1. How long are the three semi-axes of the equivalent ellipsoid of the range 157-310, in whole Å, if each is the root of 5 times an eigenvalue of the C-alpha gyration tensor, listed from largest down?
2. Over all pairs of distinct alpha carbons, what does the Kirkwood formula give as the hydrodynamic radius of the range 93-206, in Å?
3. Taking the Cβ-Cβ separation of L277 and E232 as r and a Förster radius of 51 Å, what is the calculated FRET efficiency to the nearest 0.05?
4. With springs only between Cα atoms under 10 Å apart, run a GNM on the chain and tell me which of L255, L73, L277 wobbles the most.
5. Share of antiparallel DSSP beta bridges in the chain, in percent to the nearest 5?
6. Suppose R0 equals 30 Å. What FRET efficiency, 1/(1 + (r/R0)^6) with r the Cβ-Cβ distance, do L50 and E223 give to the nearest 0.05?
7. Give me the one-decimal nm value for the distance between modelled label points at N297 and E256, 7 Å along each residue's Cα-to-Cβ direction.
8. Given the options P32, P167, P291, which has the most mean-square fluctuation in a GNM of the chain, springs set between C-alpha atoms less than 10 angstrom apart?
Amino acid sequence: MTRTWKAPQRGEPKHSEAPGQSAGAETLPLLPPGLYVVATPIGNARDVSLRALDVLKGADLIAAEDTRVTSKLLAIYAIAKPLTAYNDHNAPKERPRILAKLREGQRIALVSDAGTPLVSDPGFKLVREALAEGLAVHAIPGPSAPLTGLTLAGLPTDKFLFAGFLPPKSAERRSHLANLKSLKATLIFFEAPQRLAETLADMADVLGPRPAAVTRELTKLHEEVRRADLKELASQYAEEDQPRGEITLLVGPPLEEGPDWVKIDAALDQALPFMPLRAAVDLISSLLDAPRREVYNRALEKKHDESAPD
């Protein structure tokens, strides 16, 4: 059994737009039953994947965080499918209905307003309950604001933590940041424009000197990325008008602290009179987590100073 859909025509649309009329027709195989977690563009509509379009066109129902937002994307690609709202407000009532349709063998696409569902968006409980019942769940990967921001920030990417939205009140926000302070990873947050300056100030106070990046309106016409120290960014946004648009905020890991040479010198002074130089260096560099070569050079200097004539 096949279904027919019309592919969007090629062309050069304006930024954040895509062609909505079709030329010709292609055959789309029937999707297997199940829940499809579909990533949608975070700004530029052309970022939608071909597979995501296939799923949206082949679904029996699209469960959207906001049907008005999703309707615009569907209109761009000339997709006409039933829509139902699924969000934090109506999830307790809608989730049983969606699960019942999945049990009947329907194909349901779950989408958020932008990006990958379940990332600071509703959907986790629906996926969890579908899996608990043995229902098929398929991931259709694509755009993600945290990962897009990470690629632009110029911060370490080997380890990172997406922490979502921070608490809106300063005291709770600072407490939350204190719990994250020791993590040796790039931290990624979403933040509302009206709280950005205050959040950056709290971060500078709690986390200390760190490189950071404020990414705004990612993939859209007015995309902006600012990279600076937390304190500098806090000062900039405190003096400017409130920014507009969606904001992803990234903060680098704690800055590496240099060796404590006061402690190292004191330890060498106590050890060198009673231990061979290499043994003292091995012991002290291990205990104080200091670079062995630098401790060795320091020890040589001390031995040289001791042997130099007055």
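1. Gyration-tensor ellipsoid for the range 157-310: 47, 15, 14 Å.
2. Here the Kirkwood hydrodynamic radius works out to 16.7 Å.
3. 0.70
4. Greatest mean-square fluctuation among the candidates belongs to L277.
5. For the chain, the DSSP antiparallel bridge percentage is about 55.
6. 0.80
7. Placing both labels 7 Å along Cα→Cβ, they lie 1.5 nm apart.
8. With Cα springs under 10 Å in the chain, the top fluctuation among P32, P167, P291 is at P291.
No lab work stands behind these numbers, since they all come straight from the coordinates. Computed from a prediction, not measured in an experiment: that's the story for all the values here. Ideal geometry is used to build each Cβ from the backbone, glycine not excepted, and the neighbour counts take in all protein chains shown.
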